[in-house]
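In what follows, a structure is listed as structure tokens, so that the remarks can point back to it.
What follows draws every value from the coordinates through simple rules; no lab data is involved. Quick caveat, the model's predicted, so the values are computed rather than measured. Please note: Cβ atoms are built from the backbone with ideal geometry, for glycine as well, and neighbour counts cover all protein chains shown.
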Amino acid sequence: MTFSGPLLLGLTGYPLQHSLSPVLHTAALRACGLEGRYDLFPIAPDRIQDLELLLVRLRQGKLHGLNVTIPHKQVVLPMLDDLTPSARMIRAVNTLYMNGSRLVGDNTDAPGFLADLQRQDAPKSGEALVLGAGGAARAVVAALQSNGWRVSLAARRSEPAFLMQAEFPGLRVMPLTSAGLAAWQPASAVLIVNATSVGMAPHINESPWPVGIPLPAHAFVYDLVYNPAETALLKTARQAGLVGCNGLGMLVEQAALAFERWVGSVGLTLPQAPQLAMLQAVKIQ
Ligand code: NAP
């Protein structure tokens, strides 16, 4: 049976008012000439039964695709039938859809990051240093390791870093301090990825990079933060003559991959790649 729209999509998490996802996905629907809409379903952390009810709507076909964000990215895992390899490795999901009668959880942050990194004028392999040990850091480490990078991780708290070390074989961890980085000899890194939230508006003058340690002389600096467009870390990198980028490209790529999954799950194929329309939509915000 052919799908005859509208494509009903949405996002759950809490809070949701600053999310760019409605803009991104509305642009994708329009660019692909598909009828549909993208709604917000804010669900507070103490309302888990509402999350379960929302998933029933997916199972019943009353919703065709759902994005999941903080604080439900991990909470939702036991409510799903299947996880994609990426979601299993990261142990968090950001995209849900039906595959026949099975509710699938996927994580498009990892392939979204890789897709954007590969488009940049950045090294293709070598030694990478990831800052942070939260959900985004897990996606970045999974993506880099699966692409052959040697990965080290510097984090403020040791507990999540050591948990990640146990889950990602070969991962070196260190404190995100001047002493921690000095002991590690960061000069060997050709890629630095900020996967902390440091530097995000309104705290635009803050940088996750410890003072007193120079940035590695040949590193590409990838900041997952995209607001402001030039973070304090990217500014320091530029002043040191290094090249880098913010996380806007990753934001678009992970959203485009989610959109592609949803369109595919109802038996349609994308008439065109929606990335350009999505990027233009968020740039004029
Ligand atoms: P998260 O799970 O809350 O993790 C945040 C991480 O930042 C934790 O490791 C936290 O360390 C660290 N951190 C916070 N403040 C710090 C500070 N002052 N110094 C050192 N470390 C600090 O959040 P997330 O989902 O991983 O997201 C992280 C960032 O990536 C956010 O800015 C998010 O917007 C961005 N992101 C962008 C994209 C994209 O598509 N561009 C996708 C996903 C996420 P502690 O554990 O010590 O608190």
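In the chain, excluding the sites themselves, the longest stretch lacking any of the GluC sites (Glu not before Pro) that are in a DSSP loop with at most 16 other Cβ atoms within 10 Å is 36-205. Modelled label positions at L270 and F162, each set 7 Å beyond Cα in the direction of Cβ, lie 4.2 nm from each other. Within the straight-line cut-off of under 24 Å between alpha carbons, the lysines reachable from K283 are K235, sequence neighbours fewer than 8 places apart in one chain being disregarded. Sequentially through the range 263-280, phi angles give Karplus couplings (6.51, -1.76, 1.60; θ = phi - 60°) of 4, x, 5, 9, x, 9, 10, 5, x, 7, 5, x, 4, 5, 4, 5, 4, 4 Hz, Gly and Pro residues having no value and appearing as x.
Send over the per residue convex hull volume for the chain, Cα only, as a whole number of Å³.
Numbers: hull volume 36.7 nm³, N = 285.
Value for the chain: 129 Å³ per residue.
Backbone phi angles across the range 78-87, fed through the Karplus curve with coefficients 6.51, -1.76 and 1.60 (θ = phi - 60°), yield HN-Hα couplings of x, 8, 9, 8, 9, 10, 6, x, 5, 5 Hz in residue order; Gly and Pro are listed as x. Applying 1/(1 + (r/R0)^6) with r as the Cβ-Cβ distance of Q60 and A229 and R0 = 35 angstrom yields a FRET efficiency of 0.25.
Tell me whether the range 139-192 comes out rounded, prolate or oblate; compute the Cα gyration tensor, take square roots of the eigenvalues as a ≥ b ≥ c, and use a/c under 1.5 as the rounded threshold.
On the way: a/c = 2.21, a/b = 1.18, b/c = 1.88.
It comes out oblate by the Cα gyration axes.
Karplus-based coupling profile of the range 22-38, in residue order and whole Hz: x, 5, 4, 7, 5, 5, 5, 4, 5, 4, 8, x, 9, 7, x, 7, 10, with θ = phi - 60° in 6.51 cos²θ - 1.76 cosθ + 1.60 and x standing for Gly or Pro.
Over all distinct Cα-Cα pairs of the range 126-220, the Kirkwood formula returns a hydrodynamic radius of 13.3 Å. For the range 10-137, the Cα-based Rg and Dmax, in that order, read 15.8, 46 Å.
When you count, for each residue, the other Cβ atoms within 10 Å and take the mean per peptide, how do 62-70, 173-181, 37-45 rank with the highest first? Write down the numbers at each step before the final one.
On the way: 62-70: 21.6, 173-181: 17.8, 37-45: 15.6.
My ranking of the peptides, most packed first, is 62-70, 173-181, 37-45.
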